[in-house]
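Single-structure report; data block below.
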Amino acid sequence: MILNKKDSFMNSSRRLKFQIIALTLLILMIFVGHIYAQKPPVNYIDGDGQLKYSSLDNWYSRKLKESSLLSGNVIELYGVGKVSSTADFTDMKLKDNSAPWATTNIYAKMVLDVGNTRVIPEKRGDGYCARLETKIRKDNIAGFKVDVLLAGTLFLGETAEPVKGMKDPEKNASQGIPFSGMPKAVKFDYKYHVGKSRVVATTNVKPIAGEDRADFAILLQKRWEDKDGNVFATRIGGNRLFFTGSVNQWVTEATYPVYYGDVTKLPQYDQKTMGLIPSVGKVYVKNSKGDMVSLVETGWGKPGETPTHMIMYFTSSYEGMKYTGSTESVFWVDNIELIY
């Protein structure tokens, strides 16, 4: 069969159209598949604007069998939330993905599997509270003694596990969750016993000046990310409190205001403790690429600005991230509530 030029051109045109349509469909399929492959954002807030599991009555535990070269024991790594009763509790990735809370109950893999528990569910009435304690872990591995101090911390965010080293411990905690509310105050029950004599312990124990303090903070931020994955924020609101000495009886429904805007003019403002990050300490967050990056606050929010994230933490020793504190310090927390 002989085709003339017109027929040949029309056939070529049809083939080109078919190729364009096929390529378009392929791109569309890839794009749609990518959309459905992405996990939807987790809603950590209930219908009343409260943080899920903030009553601290629901707990589970992962069970880590340590090497006989260490304790040889099964370590209970407690977490806030719920998991199935038939779950594999030896799975170190086990968690309730709907719970916003993380702790310093960590699984570390530094040649040997190591578990540290500093946040413990303690019975209170018909439910539970969180007991945050500062302790030193003592190990003797092949004659080499290692003493490490860790504080009990309950915070919003997630822990990067397994922890693989002691350098820059802040990098193991991605702090903060998506949050757009504007609470007037935060309320919780607490009691505490804070030790006076502090030590710093990484490989050995050394006394250090100053008394220990339990620490609570709430920070509301408006975050954004640049093209290189760096994360910045404006401080929309917040508060920070320290607890010293001892309060042996429960203080119930203690309520503390959330201050909005530029707080540098407030009489209680202290740049060393209430200033912008990182001037008051390093904070790391996970960026859109899944990398842990240092968070930088660039300034104070303007009236009416809405936050995108909230940081909140309770810790038994305010310098616990520096392996510094008192082994006598214990901070009990319960019934956390946002007031609108």
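Tell me, yes or no, whether the stretch 58-70 has at least one residue that is among the aromatic types (Phe, Trp, Tyr), part of a strand (DSSP E or B) and in contact with a strand residue (DSSP E or B) (Cβ under 9 Å, 6 or more places away or on another chain).
Residues of the stretch 58-70 that are among the aromatic types (Phe, Trp, Tyr), as a first pass: 59-60.
Retained after the next criterion (residues that are part of a strand (DSSP E or B)): 59-60.
If we keep only those that are in contact with a strand residue (DSSP E or B) (Cβ under 9 Å, 6 or more places away or on another chain) as well, we get 59-60.
Yes; the residues of the stretch 58-70 include at least one that is among the aromatic types (Phe, Trp, Tyr), part of a strand (DSSP E or B) and in contact with a strand residue (DSSP E or B) (Cβ under 9 Å, 6 or more places away or on another chain).
Among the residues making up the stretch 187-203, those that are surrounded by fewer than 19 Cβ atoms within 10 Å (Cβ to Cβ) and either aliphatic (A, V, I, L, M) or more than 25 Å from GLU122 (Cβ to Cβ) (or both) are VAL200, THR202, THR203. The set of residues from the stretch 47-97 being more than 18 Å from the chain's Cα centre (by Cα), among the hydrophobic types (A, V, I, L, M, F, W, C) and within 12 Å of ASP113 (Cβ to Cβ) comprises LEU64, LEU69, LEU70, VAL74, ILE75.
Restricting ASN172, ASN116 to residues that are touching a strand residue (DSSP E or B) at 6+ places or on another chain (Cβ under 7 Å), surrounded by 14 or more Cβ atoms within 10 Å (Cβ to Cβ) and more than 18 Å from LYS63 (Cβ to Cβ) narrows the list to ASN172.
Looking at THR203, THR234, which is the one that is at negative phi, β-branched (Val, Ile, Thr) and without any contact (Cβ under 8 Å) to a residue 60 or more places away in the chain? Can you show your working first?
Working: THR234 fails: without any contact (Cβ under 8 Å) to a residue 60 or more places away in the chain.
The match here is THR203.
The residues in the stretch 296-324 that are within 16 Å of the chain's Cα centre (by Cα) and either in a strand (DSSP E or B) or over 30 Å from LYS206 (Cβ atoms) (or both) can be counted, and the count is 8. For the stretch 253-271, the condition holds for no residue, the condition being that it is part of a loop (DSSP other than H, G, I, E, B) and either within 25 Å of LEU150 (Cα to Cα) or in contact with a helix residue (DSSP H, G or I) (Cβ under 6 Å, 6 or more places away or on another chain) (or both). Restricting attention to the stretch 227-244, the residues that are over 17 Å from VAL283 (Cβ atoms) and either at pLDDT below 95 or of a type in the set (D, E, K, R) (or both) total 2.
The values are calculated or read from the model by the stated rules, or taken from the named source; none is laboratory data. Predicted, not measured: the structure shown is a model, and the values here were computed from it. With ideal geometry, Cβ positions are generated from the backbone for all residues, glycine too; neighbour counts draw on all protein chains shown.
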